[in-house]
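Have a look at the structure below, then the notes.
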Amino acid sequence: GDSVTQMEGPVTLSEEAFLTINCTYTATGYPSLFWYVQYPGEGLQLLLKATKADDKGSNKGFEATYRKETTSFHLEKGSVQVSDSAVYFCALSDPRNFNKFYFGSGTKLNVKP
Amino acid sequence: GAVVSQHPSRVICKSGTSVKIECRSLDFQATTMFWYRQFPKQSLMLMATSNEGSKATYEQGVEKDKFLINHASLTLSTLTVTSAHPEDSSFYICSARDTFNYRGTEAFFGQGTRLTVV
């Protein structure tokens, strides 16, 4: 079945460092791919998304490219800030099944001043 | 963007009692809503798919009689944790998509409910 595999955390970086969080997926159809962010004590917020191969999602300096050949959707940011500290979830949506979401395990990012 | 409101945000209940959590889509209609459970430091696990006007579809391993789901209207789904026990303590999150006005494949999430059973 569909699944998402995400790099384990926590990831600790200094402010202004480069961020990469790896995400790969398994799907039999043509899923849409997402990154969600969860700040402490809060629900999930959509960070970015891509709906087809080679699409690049971007928001707030974060970006990720839908790579069908490598079944990947890695999250990157060129210069992280302390305010980026949160848990990041990679997810896919199965359009064949009410757009059911499958989430990765989440990666906690700690950014130090 | 679309808003999904989940209530309550926190609830503490005694073991053996039942707790109802509401999930409302405020500015769109949803024939399908999803309920997730998140254990500490873990990912979201889909519990069930709530279908307006019909029975919910539960994921494998989720007790139907324990987690009662009702989706009585196009804007409201409820999850009732019956005879709650400490092991039911968790973070419950609902999500919904705008069924009738296509906004892409995005799902909108509620703020979550922190349930603590004592």
remark   = Over 24 Å (Cα to Cα) among A:Lys60/A:Lys100; A:Lys52/B:Lys64; B:Lys20/B:Lys55; A:Lys108/B:Lys64 -> A:Lys60/A:Lys100; A:Lys52/B:Lys64; A:Lys108/B:Lys64
query = Other chains' Cβ within 10 Å of A:40-51 residues: what's the mean?
reply = 4
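What's the magnitude of the charge dipole for the protein assembly as shown around its Cα centre, counting Lys and Arg as +1 and Asp and Glu as -1 at the beta-carbon? Answer in Debye, nearest 20.
Computed charge dipole of the protein assembly as shown: roughly 320 debye.
So for region B:1-45, averaging the separation of alpha carbon pairs under 8 Å that are six or more residues apart and normalising by length, what relative contact order in percent results?
On the way: 31 pairs, mean separation 16.6, N = 45.
Relative CO of region B:1-45 lands at 37 percent.
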Förster radius 30 Å - calculated FRET efficiency between A:Thr20 and A:Lys52 (Cβ-Cβ, nearest 0.05) = 0.85
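Less than 12 Å Cβ to Cβ from B:Ser73, Lys/Arg counted +1 and Asp/Glu -1: what total charge do the surrounding residues give?
Working: positive: B:Arg24; negative: B:Glu22, B:Glu52.
Taking every other residue near B:Ser73 into account, the sum is -1.
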message = Suppose each label sits 7 Å from its Cα in the direction of the beta carbon; what would the A:Glu76-B:Gln42 distance come out to in nanometres?
response = 3.4 nm
message = What distance in nm separates the two pseudo spin-label positions at A:Leu13 and B:Val118, each 7 Å out from Cα along the beta-carbon direction?
response = 4.1 nm
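Using only the alpha carbon atoms of region A:1-88, find the Kirkwood hydrodynamic radius as the inverse mean reciprocal pair distance, in angstroms to one decimal. If you can, show how the numbers build up before the last one.
Values: mean 1/r = 0.0736 Å⁻¹.
So the Kirkwood estimate lands at 13.6 Å.
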task = Compare B:Gln60, B:Gln38, B:Gln29 in a GNM of chain B, Cα atoms joined below 10 Å, and give the one with the largest fluctuation.
result = B:Gln60
Dipole magnitude (debye, nearest 20) for chain A, charges at Cβ of Lys, Arg, Asp, Glu = 220 debye
task = Mind listing the long-range amide H neighbours of A:Ala86? Cut-off is under 5 Å, sequence gap 5 or more, other chains count too, H placed in the peptide plane at 1.01 Å from N.
result = A:Leu109
task = Let me know the mean shielding of B:109-116 by other chains, meaning the per-residue number of their Cβ atoms within 10 Å of its Cβ.
result = 3
request  = Quote the charge dipole size of chain B about the Cα centre in Debye, to the nearest 20; the model charges only the Cβ of Lys and Arg (+1) and of Asp and Glu (-1).
outcome  = 240 debye
Vicinal HN-Hα couplings computed from phi for region A:100-109 (Karplus, 6.51 cos²θ - 1.76 cosθ + 1.60; Hz; Gly/Pro x) = 4, 9, 10, 10, x, 6, x, 10, 7, 10
key: Pairwise Cα inverse-distance average, inverted: Kirkwood Rh of the protein assembly as shown (Å)   = 18.2 Å
ask   = Semi-axes of region A:27-67's equivalent ellipsoid from the Cα gyration tensor, sqrt of 5 times each eigenvalue, largest first, rounded to whole Å?
value = 22, 13, 6
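Gain in length, B:Ser9 to B:Glu87, computed as 0.36 nm per residue apart minus the alpha-carbon separation, to one decimal in nm? Can you show the working numbers first?
Working: separation 78, 0.36 × 78 = 28.08 nm, distance 1.86 nm.
Length gained, B:Ser9 through B:Glu87: 26.2 nm.
Semi-axes, largest first, in whole Å: what does sqrt of 5 times each Cα gyration tensor eigenvalue give for chain B? Walk me through the numbers on the way to the answer.
Numbers: eigenvalues 111, 42, 33 Å².
Values for chain B, descending: 24, 14, 13 Å.
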query = Can you give the convex hull volume per residue for the Cα atoms of region B:11-50, as a whole number of Å³?
reply = 120 Å³
message = How many angstrom lie between the Cα centre of region B:1-62 and the Cα centre of region A:16-58?
response = 22 Å
request  = Please compute the net charge surrounding A:Lys77, taking Lys and Arg as +1 and Asp and Glu as -1 over other residues with Cβ under 10 Å from its Cβ.
outcome  = -2
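Bear in mind that the values in this text are calculations on the coordinates, not laboratory data. All figures in this text were calculated on a predicted structure; none of them were measured in a lab. No Cβ is skipped: glycine too gets one built from the backbone with ideal geometry, and neighbour counts run over all protein chains shown.
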